[in-house]
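The values are calculated or read from the model by the stated rules, or taken from the named source; none is laboratory data. Please read all numbers here as calculations on a predicted model, not as lab measurements. Here the Cβ is made from the backbone with ideal geometry for all residues, glycine too, and neighbour counts use every protein chain on show. Note: accessible area is taken over every heavy atom of the protein model, side chains too, but ligands, DNA and RNA are not part of it. Shrake-Rupley method; radii C 1.70, N 1.55, O 1.52, S 1.80 Å.
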Amino acid sequence: MTSTFPTISISTERLVLRPLETDDVPALAEMMTDEQVVAWTDVPHPATERAAHRWITETAPAARANGRGLDLAVTEFLTQRLVGAIRLGATDWHVRSTELQYIVAPWARGEGYASEAALATARWLFHDQTFERIELRTAADNTAAQQVAQKIGCISEGVLRGACIARVRAENGVWTRTRTDYIVWSLLPEDLEGTGGQLADTGGFTSYPDWN
């Protein structure tokens, strides 16, 4: 039987990570149109609210149901504003490993939200789900994503040459695809030793009813 992630809510000092909801469609669609998100992720382009709705109601539930991964909205604790998303994918339940991706909305950058959300997710995976390895892949030129990986304690394992398809926007506004390298990072339970406890104080995990 395929293993699946539970429907979870993770709280930190400033954030709540929870299942995506249809009320998130407008903010999610706006986030997907941001130039940095378009450049470094595989979000649909051009992004529309219809695409965001499909992600929330079809793509995310299917990934969780078949055991591939888990998609979480990252929201501010005080305002409940959507500030990003966490995606787990390529999950191997035998090896107890998964790949972690993070997106931060342009209106929330510079606040440390990506590292706080990623570290909270890692702690939940290691402590509650007994995972043994988390992998991150960052495009060679995506320095912001690399800084997050380093901040949460990831170890760089090497380069996958020509393994990433990024998008580049020309002066005329047209987006084209370009091939670049992936930097592979890993995070093991012991790597969390030394990360700041205040960065993501996951004091409790709250389960929700299934959202299939």
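Mind listing which chymotrypsin sites (Phe, Trp or Tyr not before Pro) in segment 1-78 are in a DSSP loop and have 14 or fewer other Cβ atoms within 10 Å? Spell out each step's value before the answer.
Details: sites: TRP40, TRP55, PHE77; in loops: PHE77.
Answer by residue number: PHE77.
Could you do me a favour and compute the accessible area per residue for segment 1-156, 1.4 Å probe, result in Å²? Walk me through the numbers before you get to the answer.
Values: 6890 Å² over 156 residues.
Accessible area per residue, segment 1-156: 44 Å².
Which value in deg cm²/dmol, rounded to the nearest 500, describes the helix-derived mean residue ellipticity at 222 nm for the chain, given -39,500 (n - 2.57) per DSSP H run of n ≥ 4 and division by the residue count?
Values: 6 runs with 50 residues, N = 212.
-6500 deg cm²/dmol, from helical runs alone.
Pairs of Cα atoms under 8 Å, at least six residues apart: use those to get the relative contact order of the chain, whole percent. If you can, show how the numbers build up before the last one.
Values: 390 pairs, mean separation 50.2, N = 212.
Answer for the chain is 24 percent.
Hey, can you rank 16-27, 158-169, 95-106 by average C-beta count inside 10 Å, highest first?
Details: 16-27: 17.6, 158-169: 13.6, 95-106: 19.2.
Listed from highest to lowest mean packing, they are 95-106, 16-27, 158-169.
With each label point set 7 Å from Cα along the Cα-Cβ vector, what nm distance links GLN36 and LEU160?
Once both label points are built, they end up 2.3 nm from each other.
Hey, any idea what % of the chain's accessible area is carbon plus sulfur with a 1.4 Å probe?
On the way: 5050 of 10670 Å².
In the chain, the share of accessible area belonging to carbon and sulfur is 47 percent.
Set Lys and Arg Cβ to +1 and Asp and Glu Cβ to -1, take the dipole of the chain about its Cα centre, and tell me which of PHE126, TYR102, TYR113 lies farthest positive.
Checking the options against the dipole of the chain, the answer is TYR102.
Please tell me the relative contact order of segment 75-130 in percent, rounded to the nearest whole number, where contacts are Cα pairs under 8 Å and at least six residues apart. Before the final figure, lay out each step's value.
Working: 50 pairs, mean separation 15.4, N = 56.
After rounding, I find 28 percent.
With charges only on Cβ, +1 for K and R and -1 for D and E, what is the dipole size of the chain about its Cα centre, in debye, rounded to 20? Walk me through the intermediate numbers first.
Values: 19 positive and 28 negative charges, 95 e Å.
Approximately 460 debye in magnitude.
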